[in-house]
Amino acid sequence: MTVLSDRDILKGLEAKRFRIGGFRPENLTPNGYDLTIAEVVVLLTKPKTIREGVAKITPQTRFAVSTLEVVELGADVTAQLWLRTTWARQGVIATFGKVDAGFRGTLTLGAYNSNMYGVLEIPIGERFAQIVFEDLSSPAEKMYAERSGHWQDQKGVRLR
């Protein structure tokens with residue numbers, strides 16, 4: 001697999017190999033694209049959804065973020081997700097998987113505020129994670145929707 005550069009990402013968007021709905025040129029990085037926060041769901045006994053302003057995450061609390069961008073991958077592209085170091089340096093722990101060829105929708109990203117003290121403030125509209133696109137060695141035989149498709153066309157934070 002080959003990681004796509006900023007130049008390759010722009011060419012891929014133009015050729016419609018993949019799509020980033022809500023694309024902002026300033027979010028393009030040398031080898032990826034920074035995804036922004038549309039909403040945060042704080043996973044307490046009763047989940048709390050924040051869609052504007054600042055989400056305040058108490059210490060040692062799980063939360064989920066939905067991307068503002070809608071991502072759509074073609075048959076010959078996959079992607080990895082990486083937490084921006086800005087958040088890791090503030091004690092956020094997150095584990096992400098691959099985005100499958102053929103996936104379409106917003107992305108739900110699970111995370112945890114590992115801090116023992118102090119509230120973590122997450123502004124809606126802030127960059128949270130980077131998506132890194134990769135060429136597949138050959139196009140997928142069956143796209144995401146045909147393999148499982150459970151999260152296809154999701155909007156906002158979806159936990160089940």
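Annotations
- Multiplying the residue separation of GLN154 and VAL3 by 0.36 nm and removing their Cα-Cα distance gives an extension gain of 51.8 nm.
- Measuring between alpha carbons in the structure, the pairs from LYS11/LYS155; LYS48/LYS155; LYS16/LYS48; LYS16/LYS98 lying more than 28 angstrom apart are LYS16/LYS48.
- Relative frequency of Cα-Cα separations exceeding 21 Å in the range 85-160, percent: 41 percent
- The mean sequence distance of close C-alpha pairs (under 8 Å, at least 6 residues apart), as a share of the length of the chain, puts its relative contact order at 31 percent.
- Reference-scaled alpha-carbon Rg (2.2 N^0.38 Å with N residues) for the range 2-140: 1.08
- Principal axis dimensions, largest first and in whole angstrom, of the range 100-141 by Cα: 48, 21, 13
- Share of pairwise Cα separations in the range 1-71, more than 19 Å, in percent: 48 percent
- Taking amide H as placed 1.01 Å from N in the peptide plane, the amide H of GLN154 sits under 5 Å from that of THR106, each at least 5 places away or on another chain.
Since every read-out is calculated from the coordinates, none of them should be taken as a lab result. The model shown is predicted, which means the values in this text are computed figures rather than measured ones.
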